[in-house]
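The structure under discussion appears below in the form of structure tokens.
The values are calculated or read from the model by the stated rules, or taken from the named source; none is laboratory data. What you see is a predicted model, and the numbers here were worked out from it, not measured in a lab. Don't worry about glycine lacking a Cβ; one is built from the backbone with ideal geometry, like all the others, and counts go over all protein chains shown. Accessible surface is based on the protein model in full, side chains and every heavy atom, while ligands, DNA and RNA are left aside. Shrake-Rupley method; radii C 1.70, N 1.55, O 1.52, S 1.80 Å.
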Amino acid sequence: MIDIKNNFEIKKMERAGLINYQTHKLLESKIKPGITTLELNDIAEEFIKSKGGIPSFLGYNGFPKTICTSVNEEVVHGIPSLKKLKKGDIISIDIGVIYQGYHSDSAWTYPVGEISHEKKVLLEETKNALYAGLKQIKNGVHLGDVSSAIEKHAKKFNLGVVRELVGHGVGKHLHEEPDIPNYGKKGTGIILKSGMTLAIEPMLNLGTRKIWLEDDDWTIITQDGKPSAHFEHTVLVTDDGYKILTGE
Ligand code: MG
Ligand code: MG
């Protein structure tokens, strides 16, 4: 069953979303060549706790850290480590925050210094694919309209759409129904209703859509080693559209 949130719950999710957004902004200001992904993790953990939040990912199915840091060909679920960022890298940072029992989930991919033209296009168009999907959202539309808009945008720029990982409902749990694939057909799937809270999250690759799981059993990488980007917002479905809970 898909959970419809009441105003009391939405207020908590807004707070979880705000802390998530502020954590992203703080990390964005720290990203530079030479910083390690573990340092970014520790900054995020301290900040989230200072705001009365709890990191959603820490311990989730055994995940060992607060944030996911996925660099270049890493798609998602990279584990923060002593690896230093280099100029020209891209880094996807995925953050989950629990505030008084309610989760927010948001990912963003950032450049490390000057990056190549093709990486710039990847970042820009993955973000645009997210917004193409979001623009479909309102009470009464099919979920497939969201999925198909994301896929259509990705195809326009020849980007590989990862299929094994999907967006999802979010709220009392980090992952709730429904699954939200980044591909699909208009006019299919469940009907969205006001009060649903969803994490929409295209993962797009510069090359093949195919992925591998690394030996650490967490990190997902592209099979051809080409870079991948990930943009995600937690949103509330409203009568005439949507409200982003993890942004300004
Ligand atoms: Mg996420
Ligand atoms: Mg998510």
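Applying a threshold of 9 Å to beta carbon distances and a minimum spacing of six or more residues, or different chains, the list of pairs starting in the range 214-242 at a residue that is away from ligand 2 (no atom under 16 Å from the Cβ) and ending at one that is aromatic (Phe, Trp, Tyr) and assigned to a strand (DSSP E or B) reads Ile221/Trp212; Thr222/Trp212; Gln223/Trp212. Evaluating Leu82 against the criteria (1) in a loop (DSSP other than H, G, I, E, B); (2) in contact with a Gly (Cβ under 7 Å, 6 or more places away or on another chain); (3) closer than 26 Å to Pro227 by Cα leaves one unmet condition, (2). With respect to the conditions (1) surrounded by fewer than 21 Cβ atoms within 10 Å (Cβ to Cβ); (2) among the aromatic types (Phe, Trp, Tyr); (3) in contact (Cβ under 8 Å) with a residue 40 or more places away in the chain, Tyr131 lacks only one, and its number is (3). Regarding Asn61, is this residue surrounded by fewer than 22 Cβ atoms within 10 Å (Cβ to Cβ) and either among the acidic types (Asp, Glu) or outside any loop (DSSP other than H, G, I, E, B) (or both)? It is true that Asn61 is surrounded by fewer than 22 Cβ atoms within 10 Å (Cβ to Cβ) and either among the acidic types (Asp, Glu) or outside any loop (DSSP other than H, G, I, E, B) (or both).
Pairs are defined by a Cβ separation below 8 Å, a sequence spacing of at least 6 or placement on different chains, a first member in the range 1-20 that is surrounded by fewer than 19 Cβ atoms within 10 Å (Cβ to Cβ), and a second member that is acidic (Asp, Glu) and modelled with pLDDT of 95 or more; the pairs so defined are Met1/Glu177; Ile2/Glu176; Ile2/Glu177; Asp3/Glu176; Asp3/Glu177. If the condition is being under 15 Å from the mean Cα position of the chain (by Cα), away from ligand 1 (no atom under 16 Å from the Cβ) and among the aliphatic types (A, V, I, L, M), then the range 157-196 contributes only Val161. Consider Val97 carefully, then state whether it is open to solvent by less than 50 Å² (accessible area, probe 1.4 Å), within 12 Å of ligand 1 (Cβ to nearest atom), under 15 Å from the mean Cα position of the chain (by Cα) and closer than 23 Å to Glu125 by Cα. It is false that Val97 is open to solvent by less than 50 Å² (accessible area, probe 1.4 Å), within 12 Å of ligand 1 (Cβ to nearest atom), under 15 Å from the mean Cα position of the chain (by Cα) and closer than 23 Å to Glu125 by Cα.
Scanning the range 69-80 for residues that are out of contact with any Ser or Thr (no Cβ under 6 Å at 6 or more places or on another chain) and either without any contact (Cβ under 8 Å) to a residue 60 or more places away in the chain or small (Gly, Ala, Ser) (or both) yields a single hit, Val71. When residues in the range 168-204 are screened for being within 16 Å of ligand 2 (Cβ to nearest atom) and either open to solvent by less than 70 Å² (accessible area, probe 1.4 Å) or not in a loop (DSSP other than H, G, I, E, B) (or both), 21 of them pass. Filtering Ile79, Ile98, Ile91, Ile150 for residues that are within 16 Å of ligand 2 (Cβ to nearest atom) and under 21 Å from Phe47 (Cβ atoms) leaves a single hit, Ile98. There is at least one residue in the range 210-219 that is at pLDDT 95 or above, open to solvent by less than 60 Å² (accessible area, probe 1.4 Å) and not in a loop (DSSP other than H, G, I, E, B). Restricting attention to the range 103-120, the residues that are away from ligand 2 (no atom under 16 Å from the Cβ) and either more than 19 Å from Lys25 (Cβ to Cβ) or open to solvent by 20 Å² or more (accessible area, probe 1.4 Å) (or both) add up to 9. Sub-7 Å Cβ pairs linking a first residue in the range 36-55 that is at positive phi and modelled with pLDDT under 95 to a second residue that is surrounded by 21 or more Cβ atoms within 10 Å (Cβ to Cβ) and of a type in the set (D, E, K, R), at least 6 apart or interchain, number zero.
Selection of the range 199-234 for residues being in contact with a Ser or Thr (Cβ under 7 Å, 6 or more places away or on another chain), among the hydrophobic types (A, V, I, L, M, F, W, C) and more than 21 Å from Val112 (Cβ to Cβ) yields Ala199, Ile211. Of the residues making up the range 132-147, those that are in contact with a strand residue (DSSP E or B) (Cβ under 9 Å, 6 or more places away or on another chain) and either in a helix (DSSP H, G or I) or β-branched (Val, Ile, Thr) (or both) number 7.
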